[in-house]
1. Hey, any hits in the stretch 87-99 for a residue that's of a type in the set (S, T, N, Q), in contact (Cβ under 8 Å) with a residue 24 or more places away in the chain and not in a strand (DSSP E or B)?
2. Quick check on my filter: what residues within the stretch 46-73 are assigned to a loop (DSSP other than H, G, I, E, B), of a type outside the set (Asp, Glu) and farther than 15 Å from Asp21 by Cβ?
3. Which of the residues belonging to the stretch 74-99 are over 21 Å from Ala17 (Cα atoms) and either open to solvent by 70 Å² or more (accessible area, probe 1.4 Å) or in contact with a helix residue (DSSP H, G or I) (Cβ under 9 Å, 6 or more places away or on another chain) (or both)?
4. Consider only pairs whose beta carbons are under 9 Å apart and that are at least six residues apart or on different chains; among these, list those whose first residue lies in the stretch 53-79 and is free of Cβ contacts under 8 Å to residues at least 40 places away in the same chain and whose second residue is among the polar types (S, T, N, Q) and not in a helix (DSSP H, G or I).
5. Out of all the residues in the stretch 25-50, which are surrounded by 15 or more Cβ atoms within 10 Å (Cβ to Cβ), in contact (Cβ under 8 Å) with a residue 24 or more places away in the chain and farther than 14 Å from Phe97 by Cα?
6. Being at pLDDT 90 or above and in contact with a strand residue (DSSP E or B) (Cβ under 7 Å, 6 or more places away or on another chain) is true for just one of Ala93, Ala82, Ala56. Which residue is that?
Amino acid sequence: MGKYTAEVQPRRTPEFATLVDIAPDGADVIEVRAEGPEWRRAELLGAYTWGPYAGAPLEPISSAPDDSTHTAFVIGEFLTTARRCPAVKFVRAVGAFETYRIELNRAEWE
């Protein structure tokens, strides 16, 4: 590394820190679904780790949806303030529900 090369830092803005708190331990990516535009109903659909190399599929670490009141509130607050961040990827919309994939940590091979 050169002297001007920065170490890769995890995304730890206050908004992302709240998502890290509700995600399972070791999660690099989470997938959430919420009912817009007020984001009152939301759930954590799954959590994943990065694959071993670029282009590898994500490896699931949790598949049980979490639709608790606290999780819904955290996801709703996050989408209200940080939905347009580069680490938030729109996946699909079905009716009033929108699904997003959110990168909590950068891949090691990135």
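1. Within the stretch 87-99, none of the residues are of a type in the set (S, T, N, Q), in contact (Cβ under 8 Å) with a residue 24 or more places away in the chain and not in a strand (DSSP E or B).
2. Trp50, Gly51, Pro52, Tyr53, Ala54, Gly55, Ala56, Pro57, Leu58, Ser63, Ala64, Pro65
3. Taking the stretch 74-99 first, the residues over 21 Å from Ala17 (Cα atoms) are 91-98.
Within the stretch 74-99, Arg92, Val94, Gly95, Glu98 qualify.
4. Cβ pairs passing all conditions: Leu58/Thr49; Glu59/Thr49; Pro60/Thr49; Ile61/Thr49.
5. Scanning the stretch 25-50 gives Ala27, Asp28, Val29, Ile30, Ala47, Trp50.
6. Numbers: Ala93 fails: in contact with a strand residue (DSSP E or B) (Cβ under 7 Å, 6 or more places away or on another chain); Ala56 fails: in contact with a strand residue (DSSP E or B) (Cβ under 7 Å, 6 or more places away or on another chain).
Selected residue: Ala82, the only one of Ala93, Ala82, Ala56 that is at pLDDT 90 or above and in contact with a strand residue (DSSP E or B) (Cβ under 7 Å, 6 or more places away or on another chain).
The values are calculated or read from the model by the stated rules, or taken from the named source; none is laboratory data. Note that this is a predicted model, so its numbers are computed, not measured. Every residue, glycine among them, receives a Cβ derived from its backbone with ideal geometry; neighbour counts consider all protein chains shown. Please note that ligands, DNA and RNA were not included when accessible areas were found on the heavy atoms of the full protein model with its side chains. Shrake-Rupley method; radii C 1.70, N 1.55, O 1.52, S 1.80 Å.
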